[in-house]
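Written below as structure tokens is the structure these notes are about.
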Protein chains: 2
Amino acid sequence: MNGGGNSDWPGMACPASVFDHKRILLGHGSGGKLTADLVRKLFLPAFKNEYLARLDDQAVFQLNGTRIAFTTDAFVVTPLFFPGGDIGKLAINGTVNDLAMSGARPLYIAAAFILEEGLELDELSRIVDSMRQAAFAAGVQLVTGDTKVVDRGKGDKIFITTTGLGILEGSATISADRARPGDKIILSGTIGDHGTAILSRRENLEFEGAIESDSAALHTLVAAMFEVTDQIHCLRDPTRGGLATTLNELAAASGVGLEVDERTIPVKESVKRMVLLKTEIGGKRMLDVLLGEQLPRIC
Amino acid sequence: MNGGGNSDWPGMACPASVFDHKRILLGHGSGGKLTADLVRKLFLPAFKNEYLARLDDQAVFQLNGTRIAFTTDAFVVTPLFFPGGDIGKLAINGTVNDLAMSGARPLYIAAAFILEEGLELDELSRIVDSMRQAAFAAGVQLVTGDTKVVDRGKGDKIFITTTGLGILEGSATISADRARPGDKIILSGTIGDHGTAILSRRENLEFEGAIESDSAALHTLVAAMFEVTDQIHCLRDPTRGGLATTLNELAAASGVGLEVDERTIPVKESVKRMVLLKTEIGGKRMLDVLLGEQLPRIC
């Protein structure tokens, strides 16, 4: 505003005028195009460095010769409890997986809780116990934390930010920009389960019991893959943006084209039924749901 | 609820019945007694480990012979902008200081943003630019992040969780439980400036311009102290709980008594005036304000 100063500092000021919108929209948190816009126009120029620039879900750096992975995620899922999991389980597994997707062994977790005045202590206890179980199952320790409380109506029961630290023991370099012509794309499971489980509970759909979130820690799966080969170029745990956004990100970062035969993508029958139902109700095409642009707050 | 299972897991389930309240109160986030209650009855039993048990503001652990400090804090301050700073500056300096208080050199920061639908991009830009400046001034790099958006009315413009990672290069062990008889207590500055700056803006008090937040990175101060002596036992950056809560925590953790001559505590005249004003308006004694029990959301 004062027209000068600090010009020798790295990065740059970030005028709001570079954006197409004047205010934050739900879509800025969807993991899709608007989120990417925010990252590229606001965060990357401000905090210019080689780690952020990779656009991976974690930073990997060396400390005294040890390679460390570092990742953070805020969890704002609603409802808090859903078929197959809850916000606590997601908060641990999501961060464990963002570490695992760099090839790191997840070790330590930091957790920051933003609680809304009026949250039932019974609900908080259940969530914390769920985090305890997920952390034990994944072999990580929650070693530091913080708790804040906001006035009623200024939050939504509970938000949890988990930050993870892991160690890279092999020499593998996994990154979004390493996809190469000839690489094969492997999906480790069916897609759409988690988002559909959340939606079914949110909209009180009748057959909700049939679809469960597939939230799980995947670091042992990654370790098993590395036992077979070290020729693994990119790894991702697709969340908000879904498969389509993830593939687009890898393609853009690596400068390659990806060819996907939609018929080979595994989708559970119950999830397909749900997607069809959504299509009839809301007029969405299946591809939109997979793109995840219309799925706010599923993690 | 099912009366069994998982009895071989570490930690324990956390029944809500152990609490005096059924719901979260604003006081659970004050940094005072209710916060301690939550930590001791809920988080410590669930995530039982040597790092959490120290009750420090950061975890310190070894990785391949390198000592690392790890800390997280959620920032929910309101208003977002106040005399002497804003939520972005606080979010960087608060985490830098929690690292510095272990004797660590702060290196890397992870930041998770929870934005409320409708937040002005101009405000977000100013906050991000403030973080950029604070990170540069403190010599830390923001290397990874996350952005989520919650529906209008389910947040309060912006919450920022920062997590920091630093390295301990000396052999010092700083911890809340290391205060010993004969130790001297040193304050690095006047107390109450930050909380009073926030309150003055929140309540639109006339002389608000006279009181500024003293938010600043303190790692160079700590480094200068270690150049003089390695006989430093405890370090704290008192925030929500203020001086009184901090001293009580150190006394309890170390099993020592602390004697403080209130007349020797440095307080700016303008802050004293403000405290007196609050006393006349709200009937609070000065000690209550210093205890911080009635200062929600100052960080």
### Calculated FRET efficiency for the pair B:Lys33/A:Arg152, C-beta based, R₀ 30 Å, to 0.05
0.90
## Note on the structure
In region A:18-162 the DSSP beta bridges are antiparallel at a rate, in percent to nearest 5, of 60 percent
### Query
If you bin the C-alpha pair distances of region A:2-286 every 5 Å from 0, what whole percents do you get?
1, 5, 10, 14, 17, 17, 15, 11, 6, 3, 1, 0, 0
## Note on the structure
Expressed in angstrom and rounded, the centroid-to-centroid distance over alpha carbons for region A:214-264 and region A:46-79 is 17 Å
### Message
Quick check for you: with a 1.4 Å probe and neighbouring chains kept, what is the accessible area per residue of chain A, in Å²?
### Response
45 Å²
### Query
Pulled fully out, how much extra length does the chain show between B:Met225 and B:Ser188, if you take 0.36 nm times their separation in residues and subtract their Cα-Cα distance?
12.2 nm
### Query
Given a 1.4 Å probe and every protein chain left where it sits, what share in percent of the accessible area of the protein assembly as shown is carbon and sulfur?
51 percent
### Task
Out of all DSSP beta bridges with both ends in chain B, state the antiparallel percent to the nearest 5.
75 percent
### Query
When all C-alpha to C-alpha distances in region B:22-94 are sorted into bins of 10 Å, what percent of pairs does each bin hold, rounded to whole numbers?
15, 35, 34, 14, 1
### Message
Suppose a student asked you for the relative contact order of region A:2-286, using Cα pairs under 8 Å spaced at least 6 residues apart; what percent would you report?
### Response
21 percent
### Message
Nearest 100 Å² is fine: what is the total accessible surface buried where chains B and A meet, probe 1.4 Å?
### Response
8000 Å²
### Query
Of B:Asn204, B:Thr190, B:Leu295, whose Cα points farthest to the positive end of the dipole of chain B (charges on the beta-carbon: +1 Lys, Arg; -1 Asp, Glu; origin at the Cα centre)?
B:Leu295
### Task
Taking the Cα centre of region B:92-143 as origin, work out the dipole magnitude from +1 charges on Lys and Arg Cβ and -1 charges on Asp and Glu Cβ, in debye rounded to 20.
460 debye
### Query
Which of the lysines could be linked to A:Lys272 by a straight reach, that is with a Cα gap under 23 Å, when you skip same-chain ones fewer than 8 residues away?
A:Lys284
### Summary
For B:Val149, the residues 5 or more places away or on another chain with a placed amide H closer than 5 Å to its own amide H are A:Gly29, B:Leu115
### Considering only the protein assembly as shown, percent of DSSP beta bridges that pair antiparallel, nearest 5
75 percent
### Greater than 18 Å apart at Cα, pairs in A:Lys33/B:Lys148; A:Lys33/B:Lys154; A:Lys157/B:Lys154; A:Lys157/B:Lys157; A:Lys22/B:Lys157
A:Lys33/B:Lys154
### Task
For region B:59-78, state which residues have at least 50 Å² less accessible area in the presence of all protein chains than in their chain by itself, taking the probe as 1.4 Å and leaving out ligands, DNA and RNA.
B:Leu63, B:Phe70, B:Thr72, B:Ala74
### Message
Just to check I understand the Karplus step: with θ = phi - 60° and J = 6.51 cos²θ - 1.76 cosθ + 1.60, what whole-Hz values come out for region A:213-227, glycine and proline as x?
### Response
4, 9, 3, 6, 7, 10, 5, 6, 4, 4, 4, 5, 5, 5, 6
### Whichever aspartates and glutamates have a C-alpha closer than 12 Å to that of B:Lys89, once near sequence neighbours (fewer than 8 apart) are set aside
B:Asp129, B:Asp214
### Query
If you put +1 on each Lys and Arg Cβ and -1 on each Asp and Glu Cβ, how big is the dipole of the protein assembly as shown around its Cα centre, in Debye rounded to 20?
240 debye
### Query
Once the dipole of chain A is set up with Lys and Arg at +1 and Asp and Glu at -1 on Cβ about the Cα centre, which of A:Ile158, A:Phe43, A:Tyr108 lies farthest towards its positive end?
A:Phe43
#### Entry: Helix-only [θ]222 nm of chain A, DSSP H runs n ≥ 4, -39500 (n - 2.57) each, per residue, nearest 500
-9500 deg cm²/dmol
### Query
Translational D (Stokes-Einstein, µm²/s) of the protein assembly as shown at 20 °C and 1.002 mPa s when Rh comes from the Kirkwood sum over C-alpha pairs?
86 µm²/s
### Message
Under 8 Å for C-alpha pairs, at least 6 residues apart: give me the relative contact order for region A:167-252, rounded to a whole percent.
### Response
45 percent
### Message
Let me spell out the model: positive unit charges on the Cβ of Lys and Arg, negative unit charges on the Cβ of Asp and Glu, origin at the Cα centre of chain A. What dipole size does that give, in debye rounded to 20?
### Response
500 debye
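The values are calculated or read from the model by the stated rules, or taken from the named source; none is laboratory data. Predicted model, so just to flag it, every value in this text is computed and none were measured. So basically every Cβ, Gly included, is an ideal-geometry build from the backbone, and we count neighbours across all protein chains shown. Accessible surface areas use protein heavy atoms only, side chains included; no ligands, DNA or RNA. Shrake-Rupley method; radii C 1.70, N 1.55, O 1.52, S 1.80 Å.
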